[in-house]
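A.B. asks: Structure in structure tokens, see below.
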Protein chains: 2
Amino acid sequence: MKKFVNDPRQFVPEMLKGIALANPDTLKYVPEYNLIMRASAPRDDKVSIIQGSGSGHEPAHVMIVGKGMLDAACPGDVFAAPPMDYVLETSKLLASPKGVLHIINNYTGDRMAFEMGQEMAEADGITIGTLLVDDDVAVKDSTYTVGRRGVAGNFFVIKAVGAASEQGADLDELLRIGNKVNSVTRTMGMALTSCTPPAKGSPLFELGDDEMEMGVGIHGEPGRRREKLASANEIVDELLEAVVTDLPFSPGDDVALMVNGLGGTPVSELYLLYGYAHEQLAQRGINVRRSYVGNYCTSLDMAGTSITLSRLDPEIGELLAAPAEIAIRTF
Amino acid sequence: MKKFVNDPRQFVPEMLKGIALANPDTLKYVPEYNLIMRASAPRDDKVSIIQGSGSGHEPAHVMIVGKGMLDAACPGDVFAAPPMDYVLETSKLLASPKGVLHIINNYTGDRMAFEMGQEMAEADGITIGTLLVDDDVAVKDSTYTVGRRGVAGNFFVIKAVGAASEQGADLDELLRIGNKVNSVTRTMGMALTSCTPPAKGSPLFELGDDEMEMGVGIHGEPGRRREKLASANEIVDELLEAVVTDLPFSPGDDVALMVNGLGGTPVSELYLLYGYAHEQLAQRGINVRRSYVGNYCTSLDMAGTSITLSRLDPEIGELLAAPAEIAIRTF
């Protein structure tokens, strides 16, 4: 296994400790619950926004805690849902009179943990609303899901409700906004290589030197089909066709375009993919108004990409453009 | 070769096109010279700052063009210096009455191209100053260098002179600041895997499953020695020891700490490394005042890391903290 790791069981806590040490003024780390939270949270005048999921998708979600984004993220171990008591205790620590918003991607394990955590928190008098993200067009049901999976498109949901909550929106309003963004957001991904979970120590699946997996999930679960390795442009064509025809996106639409890396792909390749995707959308009459290129929601060290389109209306466009300050300092 | 690529000869231009399409309001792409420049440059009241190097180190340097950082970057092909006429034409396009600052890492090819480009530009009446960055402590001379190599530490040089130039500093002042930052900045890197240049199609060198290369360069050139794969903490110990004892950094020093990824390493692992490095510096009495974790100067898809320390004085600390707006939109 070619990874930076000490004891694989300590992979997630050691990463979380690093995040906290790098952001002493803005973040708090609560080791008992794998919790990364804003130092200023909870606030009486703001709905607290919490995302929970397995680890291994960084920067999602522990590294996007900050002003205008999440108030907290409580991850489980690598590719494992957080225990329900983490969800409960996180909800209690983040409780605000304006309520708590849970954002979860549509995986069975995450849903179960959050539904039970929510029930217990509500029994303690905490008001909770839940947003379910299911932007992946690749498969209807998968190894870990009934219905569509939630993948990189959740970034747009988080960004929009994060901005609205800073502007004072109440819980019902955030649910309306979040569901609207999810309803106009579509993603499909593909893998050039597998990924290696630290505790497993070997790749989750095998791909031949001349193969790629189209429609892959972010936990190494199978996609639509295995294909012969293709050129960058052919890959973009296939991903875009799946995404555009699903909503469908139409000529005249204004969109945000995200080319997301799955963890092991250099940003040079992501910009190469972006350039062609942008041009192809223009040829379809679809206007890219906002662009996002980089690692947003990854699958450990997997080489691969996903393409997300989110249709903009004036409200969503303004929320995506609002300022935010996340934990990752880039310069 | 598991990469996103069409024609390998078009790898760099296709990437640059993507950068330009993603940043239509702030950047200009001049395909004739592989040039990415600020749309607002040159300005009569500001020294123009240009970095040139081979491609394959992204985000360095074409993706860190923007307010408070570079005015332009003119890369060569992957791991190849830009031709001297690119340097000349870029210097002409960026010419300002306040002068032009060239920043180059200490590689023989880059130095030759920039020295000749500078001579020709000066013959055209353009005032040019040059900053040479050589922060790598790993080896004295290498495959491509006489003297020490310039690696990720050049980020701190660029950030400091970029900020000072926005505040109106003249060329001599930028040379003073840049040389000061370089003189207190030290880096060492290591690789878990090789990297694969698109045009070569196969790894630059071979590393066994249980091997790592300590002190590797950013072009796959050899480092200090090949060792048995070690734990994350052991790797940090070895890198820190080399960096700290070189300057040397002393108890009571305030520093910026960068844990840089070499392209194929997920950010989760980088934060794990960061946490331990931060703690170990604290144990040595060295105070981390600013932290940088992520991909800054990469070697294509290489899995690996480098650790950079830069000693802060009040002037450098303020310049590093100044606002900047680079081409990569993260949220």
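A.B. asks: Return the average number of partner chain Cβ atoms within 10 angstrom of each residue Cβ along peptide B:284-297.
C.D. replies: 3
A.B. asks: While we're here: Amide H to amide H, which residues 5 or more places from B:THR193 or on other chains are under 5 Å from it, using H placed in the peptide plane?
C.D. replies: Counting only residues 5 or more places away or on other chains, the set is B:ALA303.
A.B. asks: Taking every pair of alpha-carbon atoms in the stretch A:1-76, give the share separated by more than 13 Å as a whole percent.
C.D. replies: In whole percent, the share of Cα-Cα pairs in the stretch A:1-76 beyond 13 Å is 64.
A.B. asks: How big is the accessible area of A:GLU234 in square angstrom, nearest 10, if you roll a 1.4 angstrom probe over the protein chains?
C.D. replies: It works out to around 100 Å².
A.B. asks: Is there a simple number for the mean count of other chain Cβ atoms within 10 Å of the Cβ of residues in B:241-253, and what is it?
C.D. replies: Rounded to a whole number, the mean comes out at 0.
A.B. asks: Just grab the label-to-label distance for B:SER202 and B:ASP124, each label 7 Å out from Cα along the Cβ direction, in nm (one decimal).
C.D. replies: 4.2 nm
A.B. asks: Of all alpha-carbon pairs in chain A, indicate the percentage at a distance above 37 angstrom.
C.D. replies: 12 percent
A.B. asks: Further question: Projected area of the protein assembly as shown, taken from the Cα convex hull and averaged over every viewing direction, in nm²?
C.D. replies: Averaging across all directions leaves 25.7 nm² for the Cα convex hull.
A.B. asks: With unit charges on the beta carbon (Lys/Arg positive, Asp/Glu negative), name the residue among B:SER183, B:ALA322, B:ALA22 whose Cα is farthest towards the positive pole of the charge dipole of chain B.
C.D. replies: Of the listed residues, the answer is B:ALA22.
A.B. asks: Which FRET efficiency value, to the nearest 0.05, do you get for A:VAL146 and A:ARG9 by plugging their Cβ-Cβ distance into 1/(1 + (r/R0)^6) with R0 = 35 Å?
C.D. replies: 0.70
A.B. asks: From the convex hull of the Cα coordinates of the stretch B:122-251, what is the mean projected area in square nanometres?
C.D. replies: 11.4 nm²
A.B. asks: Going out from 0 in 10 Å bins, what whole percent of all Cα-Cα distances in the stretch B:8-183 drops into each bin?
C.D. replies: Calculated P(r), rounded to whole percents: 11, 42, 38, 9, 0.
A.B. asks: Report the accessible surface area buried between chains B and A, summing both sides, using a 1.4 Å probe on protein heavy atoms only, in Å² rounded to the nearest 100.
C.D. replies: Interface between B and A: roughly 5300 Å².
A.B. asks: Based on the alpha-carbon gyration tensor of the stretch B:185-321, what equivalent-ellipsoid semi-axes (square roots of 5 times the eigenvalues) come out, in whole Å, largest first?
C.D. replies: 27, 16, 12
A.B. asks: Let me ask you something else. Run through the other copies and list how far each one's label point is from that of B:ASP44, in nm with one decimal, shortest first; the point sits 7 Å from Cα along Cα-Cβ.
C.D. replies: Those separations, rounded to one decimal, come out as 5.6 nm.
A.B. asks: If R₀ is 25 angstrom, what is the calculated FRET efficiency for the pair A:ARG43 and A:ARG176, using the beta carbon separation as r and rounding to 0.05?
C.D. replies: 0.75
A.B. asks: Between copies, how far does the label point of B:LEU229 sit from its twins, in nm, shortest first, when each point is 7 Å from Cα along Cα→Cβ?
C.D. replies: Distances between equivalent label points, in nm: 2.1.
A.B. asks: Taking the Cα centre of the stretch A:210-331 as the origin, how large is its charge dipole in debye, to the nearest 20, when only Lys and Arg (+1) and Asp and Glu (-1) carry charge on their Cβ atoms?
C.D. replies: Dipole of the stretch A:210-331, to the nearest 20 debye: 140 debye.
A.B. asks: Next question, about the same structure. Given a 1.4 Å probe and every protein chain left where it sits, what share in percent of the accessible area of chain A is carbon and sulfur?
C.D. replies: Roughly 50 percent of what the probe reaches on chain A is carbon or sulfur.
A.B. asks: Solvent-accessible area per residue for the stretch A:185-321 at a 1.4 Å probe radius, Å²?
C.D. replies: 31 Å²
A.B. asks: Where both residues lie in the stretch A:1-103, what percent of DSSP beta bridges are antiparallel, nearest 5?
C.D. replies: Rounded to the nearest five, the antiparallel share is 45 percent.
A.B. asks: Given a cut-off of under 8 Å on Cα pairs at least six residues apart, what relative contact order in percent is computed for the stretch A:185-321?
C.D. replies: Averaging sequence separation for qualifying contacts and normalising by length gives 33 percent for the stretch A:185-321.
A.B. asks: Per residue of the stretch B:102-109, in order, report the coupling 6.51 cos²θ - 1.76 cosθ + 1.60 (Karplus, θ = phi - 60°) as ³J(HN,Hα) in whole Hz, putting x for Gly and Pro.
C.D. replies: 8, 10, 9, 7, 7, 10, 4, x
A.B. asks: Report A:ARG225's accessible area, 1.4 Å probe, all protein chains in place, as a number in Å² to the nearest 10.
C.D. replies: 110 Å²
A.B. asks: Still on this structure, I have one more. To one decimal in nm, how far is B:SER250 from the same spot in the other copies, if labels go 7 Å from Cα toward Cβ? Please give the shortest first.
C.D. replies: Here the equivalent label points are 7.2 nm apart from this one.
A.B. asks: Ranking request for peptides A:85-91, B:140-146: highest mean number of other beta-carbon atoms within 10 Å first, then the rest in descending order.
C.D. replies: A:85-91, B:140-146
The values are calculated or read from the model by the stated rules, or taken from the named source; none is laboratory data. Bear in mind that the values here come from a model prediction, so they are computed numbers and not experimental data. FYI the Cβ positions are ideal-geometry reconstructions off the backbone, even for glycines, and counts take in every protein chain you see. Note: accessible area is taken over every heavy atom of the protein model, side chains too, but ligands, DNA and RNA are not part of it. Shrake-Rupley method; radii C 1.70, N 1.55, O 1.52, S 1.80 Å.
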